[in-house]
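Everything on this sheet refers to the single structure shown next.
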Amino acid sequence: MGVVEPVRQFIQLIRPDPREDSREASRAAVSGLACSLGRVIDFSQTGMRLETSRRWRPGRSRTITLSAAPFSLRLRVTGVWSRRTGWFRHIAGVRFVGLTAADAETLGLLLARHVVRVELARAS
């Protein structure tokens, strides 16, 4: 079992028809999940989008903390892209790095408790 398998299984449970998408990973919008470096917009099996106050350079790695009672999880992430959306406002796409099986399980539990909607992968 891969380290992101619990997250992948959760996404499969809430996705209506996995054959309808060709995007690498569907996204799950979340609510009520705190992040040490900004507001979490959504998750996928491989990373997440954050709203931050500063630009996050692609390739730059950081450790973040995700929390929502009773769970707290420290993860290493690497910036993939960043876009300025306003004065001291940026949207950044980050990729999870080195997830352990325990991290993936906790991430799956956080997703299960805080998902508000799923955005399916786009068809090509």
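The values are calculated or read from the model by the stated rules, or taken from the named source; none is laboratory data. Being a predicted model, the structure only gives us computed values, none of them experimental. When we count neighbours, we look across all protein chains shown, and the Cβ atoms used for this are built from the backbone with ideal geometry, even at glycine. Side chains are part of the model used for accessible areas, which takes the heavy atoms of the whole protein and leaves out ligands, DNA and RNA. Shrake-Rupley method; radii C 1.70, N 1.55, O 1.52, S 1.80 Å.
As a fraction of the 1.4 Å probe accessible area of region 31-91, surface on carbon and sulfur atoms comes out at 50 percent. Residues in region 31-79 average 49 Å² of solvent-accessible surface per residue, probe 1.4 Å, ligands and nucleic acids excluded.
Among the chymotrypsin sites (Phe, Trp or Tyr not before Pro) within region 39-93, those in coil by DSSP and having at most 15 neighbouring Cβ atoms inside 10 Å are Trp87, Phe88. With contacts taken as Cα pairs under 8 Å at a separation of at least 6 residues, region 37-121 carries a relative contact order of 27 percent. Taking trypsin sites (Lys or Arg not before Pro) across region 25-77, the ones in a DSSP loop with at most 15 further Cβ atoms lying within 10 angstrom of their Cβ are Arg54, Arg55, Arg60.
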